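Below is one structure, written out as structure tokens, with a few remarks after it.
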Amino acid sequence: MSSSAATHRSGLLTLTLGAVGVVYGDIGTSPLYALKEVFAHGHVPLTPDNIHGVLSMIFWTLTVVVSLKYVVLILRADNNGEGGLIAMLALASQAVRHRPVLRRRLLVLGIFGTAIFFGDGVITPAISVLSAVEGLEVAAPALHRFVVPVTLLVLTVLFIVQRHGTSGIGRFFGPVTVVWFVVLTLLGVLHIARNPAVLWALSPHYALQFVVGHPGIAFVALASVVLCVTGAEALYADMGHFGKRPIRLAWFGLVMPALAINYFGQGAMLLAHPENVGNPFYEMAPTWALYPLIGLATCATVIASQALITAAFSVTKQAMQLGYLPRLRVSHTSVRETGQIYLPFINWALYVCIFAAVVFFGSSGKLAAAYGITVTIDMLITTTMTFFVIRYGWKYPWWLCVAATGFFFAVDLMFFSANIVKVLDGGWFPLVLGAAMFTLMMTWKQGRALMAESLRDDAIELKGFLDAVFVNPPARVQGTAVFLVSEAGFTPNAMLHNLKHNKVLHETNLFVHVQHHEVPWIGFDKRCEIEPLGRDCWQVTLHFGFKNDPDVPEALALLRGRGVALDDMDTSYLLSRDIVIPTLGHGMALWREKLFAGMHRNASAAADFLNLPTNRVVELGSKVEI
């Protein structure tokens, strides 16, 4: 084998190992609670026929939803190598850009899905860690009262360490999760060997027989069966970190076999010992292995929770750059990995919501009703977006697009219908969280549009203003002034105030407009556009993708070879600090305008978001009525 081939193989194995730890942590912990929830409430009688039918449904759900839908189809829909709901939203909106009404509706749908994701971000750590710690009840029923406190302790430590990042411990995620999947396999094999006839349930015949023979019971079972694919969205969301091939290799080579074997092992044990239905996962383990298994399960659920928290940080940052959330303070926790970030506000907001969920619900069983509804909503939205990408973006024939996505849409809709009946049993919780996030995101987007409209109505065209200024030019002082403008071509309020109060103009003036695009990355070769305005004044537009870090000084440094000489120590950044005044009128409802004003007032400073040097920033205030 050549050295290059060996290097390539080593890199592929490393990425595959990383994918196992990050991508599959959530779906990998679903055996802790998925099968248990099907039979836990007595709605599905624990009979041999029903066990075979449910196992068959689980296996074919993994096959259809994960293997076919996500691994085969949706992983193909990459946005310059990136995946996830926001990347899919960008692809879909670009595909229908010539259909403005449809594009607006897709944007609203995609943002709703993103808002629901935050509900998922609350439920996943809560149910995962709770279900792991509930093993204490199996080991010693007297320890029941410690389940919630221990869960809260584990989650508290997890959120405290977020600010340090995962660069130090991240290398252990893959190996620990591999050990977890190996243990899942061994536990399953142990019980399948005692009752190999359970493997007949691999045939879809058993699932169909269960559905046809007991349609009502099967419909109830679907609400819990879908829990076996929680975390499937991570396959697509983390594509940019690992690539398609490592994710596919990890799924078919380790994860799916381990999950299927463990579920069938649980089924085999229930056929022999139906009295163990209270917690079939932990009942599979020999007594001597119970406490080590609880420890390993807790580590696995912490890793799954960590991956989701990191994803919440990433989604928030992308939503900020697309203009759907106010600026929040972002800290980079790694000098090498730009994707490793920490958002203090999001971290502690998630913690408060997760703490409340654990205390309020108190068990993984009660949280399971809340979990399925978020999963199925995001699955439906992803399938819908995929149709518009392959139809209008890839230009596939109409019949093929309907065939490719219609089947998956029907499956997703079936799971969603089974879960929607659980709204009153706990499903309301993530829906309330999602609705609150959706309201915040749409209020911010519409509020920014109203602000831009108000500023535009009072704005002065830049070229005409400069011509008027230089008829009787003010004194010019040494250095460069960089004016940040919300819209190219208009005079910034900061310049008007500077001329009014200081009565001077810098030798060099740059009017910089920062534009964020619906693509993940924009390279340095396309970062800057510059237009000379005469008299050492330039209009500059800086382009960033929603995964780029907006660094204005770094971008402006690219102008040094294009006729603009910038000295970092002789450059001042002048910004307008707008104060929003809500008013009755044609804009949003007054309560939403007040909400927007509060969000705008508490947003992180633009200087921090754009990475401006704090000792070179001058902010000049102005009032804007909306």
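Each reported figure results from applying straightforward, stated rules to the coordinates on display, with no laboratory input. Nothing here was measured: the structure is a model prediction, and the numbers come from that model. Neighbour counts run over all protein chains shown; Cβ positions are idealised from the backbone, glycine included.
A simple rule links phi to the HN-Hα coupling: the Karplus curve 6.51 cos²θ - 1.76 cosθ + 1.60 with θ = phi - 60°, which for segment 585-596 gives x, 8, x, 7, 4, 4, 5, 6, 5, 5, 4, 5 Hz, with x for Gly and Pro.
Between Asn347 and His164, what is the label-point separation in nm under the 7 Å Cα-to-beta-carbon projection? Computed distance between label sites His164 and Asn347 equals 1.1 nm. This model, with +1 at the C-beta of Lys and Arg and -1 at the C-beta of Asp and Glu, gives the chain a dipole about its Cα centre of some 500 debye. Against the chain, whose longest principal axis is taken from its Cα atoms, helix 364-388 shows a tilt of about 60°.
Using helices alone, I'd like the mean residue ellipticity at 222 nm for the chain: each DSSP H run of four-plus residues gives -39500 (n - 2.57), total over residue count, nearest 500.
Numbers: 26 runs with 358 residues, N = 626.
Rounded to the nearest 500, the figure is -18500 deg cm²/dmol.
Take the Cα pairs of segment 230-380, get the Kirkwood Rh, then feed it into Stokes-Einstein at 20 °C and 1.002 mPa s and tell me D in µm²/s.
Value of D from the Cα-based Kirkwood radius: 115 µm²/s.
Compared with the dominant Cα axis of the chain, that is its longest principal axis, helix 398-420 is turned about 70°.
Remind me, what semi-axes does the chain give for its equivalent ellipsoid, largest first in whole Å, using sqrt of 5 times each Cα gyration tensor eigenvalue?
On the way: eigenvalues 527, 116, 110 Å².
That gives 51, 24, 23 Å for the three semi-axes.
Projected onto the charge dipole of the chain (+1 at Lys/Arg Cβ, -1 at Asp/Glu Cβ, origin at the Cα centre), which of Val512, Leu202, Ile123 gives the Cα projection farthest towards the positive end? Working it through, the farthest residue towards the positive pole turns out to be Val512. For segment 473-626, the Kirkwood estimate of the hydrodynamic radius, built from every pair of different alpha carbons, is 16.8 Å. Could you grab the Rg to Rh ratio for segment 74-164? Cα atoms only, Kirkwood for Rh. My calculation puts Rg/Rh at 1.23. Of the residues Pro582, Ala369, Pro344, the one whose Cα sits farthest toward the positive end of the charge dipole of the chain, with +1 on the Cβ of Lys and Arg and -1 on the Cβ of Asp and Glu, is Pro582. Once you reduce segment 574-626 and segment 286-302 to the center of their Cα atoms, the two points are 50 Å from each other. To the nearest ten degrees, helix 204-213 and the longest principal axis of the Cα atoms of the chain are 80 degrees apart. Annotation: amide H of Leu574 within the under-5 Å range of Val482, Phe483, Leu484, Val618, sequence separation 5 or more or interchain, hydrogens built in the peptide plane.
The alpha carbons of segment 362-508 occupy a box of 73, 49, 28 Å along the principal axes, longest dimension given first. Taking Lys36 as the anchor, which lysines have their alpha carbon closer than 18 Å to its alpha carbon, excluding any fewer than eight residues away along the same chain? Partners found: Lys366, Lys422. Taking 25 Å as the straight-line reach from the Cα of Lys244, the lysines in range (excluding those fewer than 8 positions away in the same chain) are Lys69, Lys317, Lys395, Lys547. For Gly447, the shell of other residues with beta-carbons less than 14 Å away shows a net charge of +2, using +1 for Lys and Arg and -1 for Asp and Glu.
Its alpha carbons give segment 39-123 an Rg and a Dmax of 18.5, 56 Å.
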